[in-house]
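Take a look at the structure below.
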Amino acid sequence: MVAATTVVVPHARLASITLRDLGGRYFTPVEIPDITADLDDVQYRTGSGSCLDAADPDGPAYALDQDLARSSAWPQFAAVATAHGLGAVLSTGLLPAQRAGLSGALNVYAHRGGITETDRRRALLLATHASLALQHTHTAEIADLERAPISTAPSPPAT
């Protein structure tokens, strides 16, 4: 999905996926270039950024800033992004809201003012496909767990 995003979304320079586990911790599940890892990591460390806003189950499921250098809602993230020559970010929520505790975001990083309406629509379409794939994976994992035999501890020896 990350590789597809940089091809399908015309102005995407970098992309990543953020997931939030049941414990509320954010992580990036796929290997990404160092710059993108820096962008995601600063958001996770500071608790502030577009991917966190979009991944918040109670949040807007969508975050866009076309000019991070001017007045970003996420100043620490914006400083790292602009230091890497990027000026715009779009994060689109992943996973249906009814999946309590699990969420995520598809993150698109671009040059200042570079995210168009076409980019936004394509990112939303990709996020929808990623959500379906993640839902399918989760459902398959649950089914595997339900089919697995339950092991019990051996009984203590009779005395």
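Only the coordinates and a few stated rules stand behind these numbers; no lab work does. Fair warning: this is a prediction, and the values are worked out from it, not measured in the lab. Glycine gets a Cβ as well: all are built from the backbone with ideal geometry, and neighbour counts include every protein chain shown.
If you take every residue apart from ASP34 with its C-beta less than 15 Å away from the C-beta of ASP34, what net charge results, scoring Lys and Arg +1 and Asp and Glu -1? Residues close to ASP34 contribute a combined charge of -3. Relative to the compact-globule estimate of 2.2 N^0.38 Å, the Cα radius of gyration of region 1-121 comes out at 0.95.
Extension gain, ASP38 to ALA3, is 10.8 nm, computed as 0.36 nm per intervening residue step minus the present C-alpha separation. As a calculated quantity, the FRET efficiency between ASP56 and LEU125 at R0 = 22 Å, using C-beta atoms, amounts to about 0.55.
With R₀ set to 35 Å, the beta-carbon distance separating THR116 from ARG147 gives a calculated FRET efficiency near 0.15.
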